[in-house]
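Notes to accompany the following structure.
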Amino acid sequence: MRKRGIFAAFMVVSFVVGWGVLTLYSPHHATYAIGLQKAGRHPRSRLKGRRGHTGNIKLGKEHPHVLEILYNRLPKCGSTSLKALTRRLAKKNQFYFKESKIWDQFQLNQTGLKAFAEDFYTVPSPFIYERHVYFVDFEQLGLKSPKYINLVRDPLDRLVSSYHFMRYGRKGGPNHIVTHLFNKYHNETDRNQTFDSCVLNKSKECWGQRVNLMTRFFCGQDPVCREPSIQALEKAKENIRRHYLVVGLLEDFNSFLKVLSRILPQFYRGVTDLWKDLAPSVQEAQKTVKKQPPSPLAQKVMRQRMDLDYQLYSFIEDRFRRQKLELGIQ
């Protein structure tokens, strides 16, 4: 019994470095229904009449009439900052912001997919719904696909941040449950292993299919996505082209906010001014403790192992650059 308990806890904490847990969806959420408590605005099922095919997103187009946004946030890519901004703007701009408390279930089976879609479409419009989850193709469920947004960062930087976060947490505390469980169920040798040692020893956190998390997130729930491959990479790109209004770069966060305010003013009007006020405190609190940069050798090895993620990151980087250009954003 003790061994099974330790193994289960180990699987829970592994999500940050890309170990999605294959399990059923469980609808434990917190809803921010700020400023919308008006008569007739109760949640209702909107599952019928949602079929339809979407073409590629036009990067220079504004979308002021979009009422439903899904932010399937990638771990350790600035989502805490974006959530803090969205939470405050929900009250100011009069929309719902539904924040999921499920952070360890990326992969969903058929039952989980249906439950997720139903939960999504029972939130009153207009709304933004966030969760750590692989891309979901609503059209395969016979439903209209919502518009997506997301934020990414350099793949190796993300992994290094994740590696240290699991062991040491963040400056702003309290530490996330994954940090607590990792340290509870791992011995001192595992906890103190450097990232370089992890890479060179081919430890599970730095080796195999788990390291290309970005590709898996955008590829989605399809069986082809379960193993790293060119097919998975191309499907990830296609999903981005068709479903994501914007995929920003954490390295250019200010421009990402400008794009959001431009293409989705109904949600993100005023976000750049708000960020000027919040940035100093939020950025300092979210810094990972004891994070050390990898050696040149470890960087070279990991960039080779993460080749799919780097190809996708380059695709996203180019797409975001073109989007800024078409919108006239410097």
Go through 66-78, 197-209 and give me the packing order, highest mean Cβ count within 10 Å leading. 66-78, 197-209
All aspartates and glutamates inside 18 Å of LYS276 as judged from Cα atoms, apart from same-chain residues fewer than 8 positions distant: GLU251, ASP252, GLU284
Express the accessible area of the stretch 110-171 per residue in Å², computed with a 1.4 Å probe while the remaining protein chains stay in the model. 25
What whole-number value in Å² describes the accessible area per residue of the stretch 271-330 for a 1.4 Å probe? 59
Under a Cβ-Cβ cut-off of 15 Å, what is the net charge of the residues other than ARG210 that fall near it, where Lys and Arg count +1 and Asp and Glu count -1? +2
Whole-Å distance, taken between Cα centres, linking the stretch 99-130 and the stretch 202-280: 17
Strictly over 19 Å apart at the Cα level, which of LYS98/LYS287; LYS76/LYS290; LYS101/LYS258; LYS58/LYS324; LYS237/LYS300; LYS76/LYS291 would you flag in this model? LYS98/LYS287; LYS101/LYS258; LYS237/LYS300
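The values are calculated or read from the model by the stated rules, or taken from the named source; none is laboratory data. None of the values given here were measured: they were computed from a predicted structure. Cβ sites come from the backbone with ideal geometry, for glycine too, and all protein chains shown count toward neighbours. Side chains are part of the model used for accessible areas, which takes the heavy atoms of the whole protein and leaves out ligands, DNA and RNA. Shrake-Rupley method; radii C 1.70, N 1.55, O 1.52, S 1.80 Å.
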